[in-house]
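Novice: Submitted below is the structure of interest, expressed as structure tokens.
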Amino acid sequence: MKIISIANQKGGCGKTTTAINLVAALSAEGKRTLLIDLDPQAHATLGLNCDDQNSLYNVISRITPRKLAIKDIIQKVDKNFDMAPSNILLGTLEQELTDEIGREMKLTEILVDIKDDYDHVIIDCAPSLGFLTVNAIRASHEVIIPVEMSRFSVQGVDHLMDIVNLIQERLNHPVVARVLVTMFDSRLRHSFSMLTKIKGKFKEMLLDTIIHVNVKLKESAVMGKTVMAYDKYCRGAKDYHSLARELILRQEGKKDLSAPSLKFTTRMQETIEHELEDIQRVVSVTFAINAPEAQSVYVSGSFNGWTINESCRMQKQGGRWSLSLPLDAGSHEYQFIVDGRWQLDPVNKRRVGNGLGDMNSVVEVENHA
């Protein structure tokens, strides 16, 4: 049974998304897989619409009135996909077990009961370096550290590696640490700059697979589904299938875990070159509308999943609002949101029905590569 923790003390780096969809991808490959939610926030549990009444708290705690074995709390999510849920009570365990000898072995001890039931166990850790994360790493053979394209996420790797090294030295437990690039946006040059820095800093730890920004990953979480169940053909689903296959090949010894091979280096180079080809097809498009009395104006469309946030807030100069966005070659539908009201682009006559009895404006972006 291979046990892998997904951990990074920085939140918002795709940790829970990776845990849920990696398990889904491994189960699709025919591997019997268990997802353990070890985060008191219980995002994985909530994200899969699982019942959290009986959780790992009832398995680990000494004072719970409802003491259970781990097999008692496991829920079936899908074929080859089981779940051990969490809830807020899990956060009280650190204080409860403060003076107990061997408290860092609690998770390791309870996993003995299921060692023959699964091929893979994936642990979704809390965004901290406390008692629960130490338990997860001590129980694991590998730790995957998701890193999104920011300096703060990279710093989180350094702090987590301090814990990994401490566990290796003081508890005499070997564990392999791997870095996974997540939320990679090939439309932004900043992403490539950060990828180069990450590759240079963590070359021997870096996984080949890159998880790209994909709106389907967010939509599937809202729907309480894995991305494979939500849209198995989307970029996010393909990325996590690639990650699962890479981990399976490494486990089977078809990849050298001790150092980056020539094949690994070549593949990463090919990935970067492919992404650079993608960015050459990105064109800066300026959206503009005259609305001198407006207090706020946004532009939203198919290019950003119809979301409204600061990234699509337009800037006012005089009575004209404008914003330039990098768009891929192709056709994009959009509308303006003027003081909370959606409206078409009054100067763009290209429009298409949106299936809701309304129209959307359309912009065509040519490929200049």
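Bear in mind these aren't lab numbers, they're just calculated from the coordinates by the rules spelled out. These figures come from a predicted structure and were not determined experimentally. Cβ: placed from backbone, ideal geometry, glycine included. Neighbour counts: every protein chain shown.
Novice: Only one of the values (1) 70, 50, 41; (2) 71, 51, 36; (3) 58, 53, 52 was calculated from this structure for Cα extents along the principal axes in Å; name its label.
Specialist: Label (2) holds the value from this structure.
Novice: To continue, here is another question. Quick one: order Val352, Val297 by neighbouring beta-carbon count within 10 Å, fewest to most.
Specialist: Neighbour counts put them in this order, fewest first: Val352, Val297.
Novice: Applying 1/(1 + (r/R0)^6) with R0 = 35 Å to the Cβ-Cβ distance of Glu252 and Gln75, what FRET efficiency is obtained, to the nearest 0.05?
Specialist: My answer for the efficiency is 0.75.
Novice: In whole Hz, with x marking every Gly and Pro, tabulate ³J(HN,Hα) for the range 130-147 from phi via Karplus 6.51 cos²θ - 1.76 cosθ + 1.60, θ = phi - 60°.
Specialist: x, 3, 5, 5, 4, 4, 5, 5, 5, 7, 9, 8, 9, 10, 9, 10, x, 10
Novice: Pull out the extension gain between Asp158 and Val176, defined as 0.36 nm times the separation in residues minus the alpha carbon to alpha carbon distance; nm, one decimal.
Specialist: Residue separation times 0.36 nm, minus the Cα-Cα distance, leaves 5.0 nm.
Novice: Output the pairs from Lys115/Lys199; Lys10/Lys203; Lys31/Lys67; Lys106/Lys203; Lys15/Lys201 with a Cα-Cα distance over 28 Å in this structure; if there are none, say none.
Specialist: Check vs 28 Å cut-off fails for Lys115/Lys199; Lys31/Lys67; Lys106/Lys203.
Novice: Using a Förster distance of 30 angstrom, determine the FRET efficiency expected from the C-beta separation of Arg313 and Ser128, and round it to 0.05.
Specialist: That gives a FRET efficiency of 0.40.
Novice: Taking amide hydrogens as modeled 1.01 Å from N in the peptide plane, which residues meet the under 5 Å criterion relative to Asp52, leaving out close sequence neighbours?
Specialist: Result for Asp52 returns nothing.
Novice: For the residue pair Lys67 and Lys349, what label-to-label distance in nm results when each label sits 7 Å from Cα along the Cα-to-beta-carbon direction?
Specialist: Each label point lies 7 Å from its Cα, and together they span 8.0 nm.
Novice: Under 5 Å between amide hydrogens, which residues at least 5 positions from Ile123 or on another chain qualify, with H placed 1.01 Å from N in the peptide plane?
Specialist: Ile4, Ser5, Ile6, Ile36
Novice: May I ask you to evaluate 6.51 cos²θ - 1.76 cosθ + 1.60, the Karplus curve with θ = phi - 60°, for each residue of the range 322-335 and list the ³J(HN,Hα) values in order in whole Hz, giving x for glycine and proline?
Specialist: Listing the rounded values in order: 8, 7, 9, 10, x, 10, 5, 4, x, 9, 10, 8, 7, 9 Hz.
Novice: In whole Å, what is the distance between the alpha-carbon centres of the range 1-33 and the range 59-127?
Specialist: Value for the Cα centre distance between the two parts: 16 Å.
Novice: Right, here's the next one. Given 0.36 nm per residue, what is the gain on full extension from Ala329 to Glu100 after removing their alpha carbon distance, in nm?
Specialist: Result for the pair: 76.4 nm of gain on full extension.
Novice: I've got another one for you. Counting other C-beta atoms within 10 Å, which of His190, His173, His120 has the fewest, and how do the rest follow?
Specialist: His190, His173, His120
Novice: Collect residues whose amide H, placed 1.01 Å from N in the peptide plane, falls under 5 Å from the amide H of Gly130; neighbours closer than 5 in sequence don't count.
Specialist: Answer set, sorted by chain and number: none.
Novice: Counting only helical runs of four or more DSSP H residues, what would the 222 nm mean residue ellipticity of the chain come to if each run contributes -39,500 (n - 2.57) and the total is spread over all its residues?
Specialist: When only DSSP H runs of four or more count, the value is -10000 deg cm²/dmol.
Novice: Same structure, new question: When a footprinting reagent is the concern and you count Cβ atoms within 10 Å, what order do Ser150, Ser193 take, fewest first?
Specialist: Neighbour counts put them in this order, fewest first: Ser193, Ser150.
Novice: Moving on to the next point. What aspartates and glutamates does Lys71 reach when the alpha-carbon gap must be under 17 Å and sequence neighbours fewer than 8 apart in one chain are set aside?
Specialist: Filter leaves Asp37, Asp51, Asp52, Asp82, Glu109, Asp113, Asp116, Asp117, Asp119.
Novice: Calculate the spin-label point distance for Val283 paired with Tyr233, positioning each point 7 Å from the Cα along the beta-carbon direction, and give it in nanometres.
Specialist: According to this spin-label approximation, the distance is 2.6 nm.
Novice: How about the range 41-138: which trypsin sites (Lys or Arg not before Pro) there are in a DSSP loop, with at most 13 other Cβ atoms within 10 Å of their Cβ?
Specialist: Within the range 41-138, the qualifying trypsin sites (Lys or Arg not before Pro) (loop, at most 13 other Cβ atoms within 10 Å) are Arg62, Arg66, Lys67, Lys79, Lys115.
Novice: Taking the Cα centre of the chain as origin, sum charge times position over the Cβ atoms of Lys and Arg (+1) and Asp and Glu (-1), and report the length of that vector in debye to the nearest 20.
Specialist: Here the size comes out at about 460 debye.
Novice: Also, quick follow-up: Go ahead and set up a Gaussian network model of the chain, Cα springs under 10 Å, then flag whichever of Ile198, Ile101, Ile74 fluctuates most.
Specialist: Ile101
Novice: What do you get for the angle between helix 262-280 and the principal long axis of the chain? Use alpha-carbon atoms, 0 to 90 degrees, nearest ten.
Specialist: Approximately 30 degrees, to the nearest 10.
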